[in-house]
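See structure below.
Bear in mind that the values in this text are calculations on the coordinates, not laboratory data. These numbers come from a predicted model, not from an experiment. Positions of Cβ are generated from backbone atoms using ideal geometry, with glycine treated the same way; all protein chains shown enter the neighbour counts.
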Amino acid sequence: MRLVGRQLLDDFAAQHAEIRGPLNAWVAEVEEAEWEGPADVRARFPSASFLADNRIVFNIKGNKFRIETKVNYEVTVVLALRMGTHAEYSKWK
């Protein structure tokens, strides 16, 4: 998959040093993935939350951080929409 929105993730990691390792691992897995649909994502990330409009929220570093994405399986793109702490995620609408 091609990951779009990397700057958003890098900026967040610059402010939260503890996320750098887990975030880099997540990025590497996403970029190597060949997801054809939600079942492929669920097989690797069973704790991911699937929302309407092909949006997926991934838990990073346990349940401490969240990344909201939008996935287009046809063109093999994962768009990072926003990233935050668990507390920030609770306030997202």
For Leu81, the residues 5 or more places away or on another chain with a placed amide H closer than 5 Å to its own amide H are Glu68, Thr69, Lys70
When Met1, Met83 are ranked with the fewest other C-beta atoms within 10 Å first, the list becomes Met1, Met83
Multiplying the sequence separation of Phe50 and Glu29 by 0.36 nm and subtracting their Cα-Cα distance, what value in nm do you get? 5.8 nm
Label-point separation in nm, Gln7 to Leu81, each point 7 Å along Cα→Cβ: 2.0 nm
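Ranked highest first by the average count of other Cβ atoms within 10 Å around their residues, in what order do 5-13, 58-66, 45-53 fall?
58-66, 5-13, 45-53
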Could you run the Debye sum over the Cα atoms of the chain, one equal point scatterer each and no solvent, and tell me log10 of I(q)/I(0) at q = 0.19 Å⁻¹, two decimals? -0.86
Just from its helices, what would the mean residue ellipticity at 222 nm be for the chain, if runs of 4 or more DSSP H residues each count -39500 (n - 2.57) and the sum is divided by every residue, rounded to the nearest 500 deg cm²/dmol? -10000 deg cm²/dmol
Whole-Hz Karplus couplings 3J(HN,Hα) for the range 32-40, θ = phi - 60° and coefficients 6.51, -1.76, 1.60, Gly and Pro as x, run 8, 5, 10, 6, 9, x, x, 4, 5
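Would you kindly state how much longer the chain becomes between Ala39 and Lys64 on full extension, computed as 0.36 nm times their sequence separation minus their alpha carbon distance, in nm to one decimal?
Numbers: separation 25, 0.36 × 25 = 9.00 nm, distance 2.39 nm.
Answer, rounded to one decimal: 6.6 nm.
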